Each structure stands twice: as structure tokens, then as C-alpha cells.
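Here is the structure we will look at, set down as C-alpha cells.
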């Protein structure tokens, strides 16, 4: 059988094809390397892409406002020195003046003496009528009792010129009996001021009481 001879002839043909492809690839790489070295590839690329335009864009700077000018410097005027004059203050010592006089010092007059006043009083030599003698009979029967105070006015002779009821006894009959008797018959030693008789007023109590 001849199966062995057909398979041995197919092997060399495959190897030749592989060898040819390898040689082609090596040659192609060599051409490309030469083109890069000689500038041919750059020329082809420039023709294919065409000329490239480049524009330079300037950076827009923000507008900065200028600061206002500084205010002018204020220079203070130089201080003014004023010479103060020397002032001397002198105080004169007071001078004491002594004047001799022959006048005697005035003596203040003594204060006036107080008046010596003596009120009217009963005369022991001539006693006045008492309540028993002037007691109204009707008041005794009715049992009226009480004390009346009279304000008497006594003149320089000791006579009673007026009699006024200051405090009532509570019974008009008793008050009237005492007033009438005082004006009618009572006498006193007159009052005096510094030893001289003088009209005066004096209170007098009259007590009416029924004896038991």
C-alpha cells in the first residue's frame, strides 16, 4: 500500500509557506523602520492629516480697581511754648491798732422788776354774808343743793362792782341768790400792784348745803 509516500510529501510544502510569511514580515518591518529614520513616514502623515493651525489664547486677566490715593499726611503744628512770668504773692501782716480812751464802759441797765401783785382778800374785821344767810327758803324746801363759782370784780375801795356766774350750781335760784348778795353787801380788801390799790377780778366759790 502507498499511504506512507503521500503523507511524507505534504510536510515540506507547509514549512515553505511558513518560512515565506516570516521573511515577508521581517522585510516589512525593516522598510517601516527605514521610513521612520528617513522622515518619509512623517511626510506621509502630514499629507494625510493636512496642515494644523494653532491659536494662542491669551488669558483674560480680571480688571483690578486701583486703590484710592492715600490721604495727605497731617502734620501737627509744633507746640507753642509761652514763658509764664514769675509772680510773687506777698501778704501784708495785719497791723493791730490800739486806741486809748478815757470813756468808761457802758453798763446795761438792770432788767425791770416784776410787779408785785396782791389779789383782793376778805377783811377779817368785816366778814361777808355766808351761804346760810342767803339760802333761799324755797330751795331748802325743795332740797336744792350745789356750788356756784362767781367771777367778782373788786374796785380800789374793795366793793364788788360786778358778779358773773362762771360755773352754775345746777339750780338757777341758788345762782341768782349768790350773785345778788355779792353785789349788795360783799366787801374785800382791795387788790394792790406794787403796794397801790388797783381794780381786779377774783373767783369766789359759794356752796349751798342744807344742814341735817
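Where a number appears in this text, it was derived from the coordinates with a stated rule and is not lab data. What you see is a predicted model; the values in this text were computed from it and never measured. Counting neighbours? That spans all protein chains shown, and the Cβs are built from the backbone with ideal geometry, glycine included.
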**Request:** Using the number of other C-beta atoms within 10 angstrom as an exposure proxy, rank 34, 186 with the fewest first.
**Result:** 34, 186
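Set the Förster radius R0 to 35 Å, insert the Cβ-Cβ distance between residue 161 and residue 108 as r into 1/(1 + (r/R0)^6), and round the FRET efficiency to 0.05.
Numbers: r = 43 Å, r/R0 = 1.21.
Once rounded, the FRET efficiency stands at 0.25.
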**Prompt:** Which parts of the stretch 175-193 would a label at residue 142 reach, counting a residue when its backbone N lies under 19 Å from a point 7 Å out along Cα-to-Cβ?
**Reply:** 175-181
**Fill in**
Residue separation between residue 129 and residue 26 times 0.36 nm, minus their alpha-carbon distance, gives in nm 17.7 nm
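If packing is taken as the average number of other Cβ atoms within 10 Å across a peptide's residues, how do 154-162, 123-131 rank, most packed first?
Working: 154-162: 16.4, 123-131: 11.3.
Listed from highest to lowest mean packing, they are 154-162, 123-131.
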**Asked** What is the spin-label model distance, in nm, from residue 202 to residue 17 if the labels are put 7 Å beyond Cα along the C-beta direction?
**Response** 19.2
**Request:** Rank these for me by crowding, 185, 169, 139, going from fewest to most other beta carbons within 10 Å.
**Result:** 185, 139, 169
**Message:** For the pair residue 172/residue 212, report the inter-label distance in nm, with labels modelled 7 Å from Cα in the Cβ direction.
**Reply:** 3.0
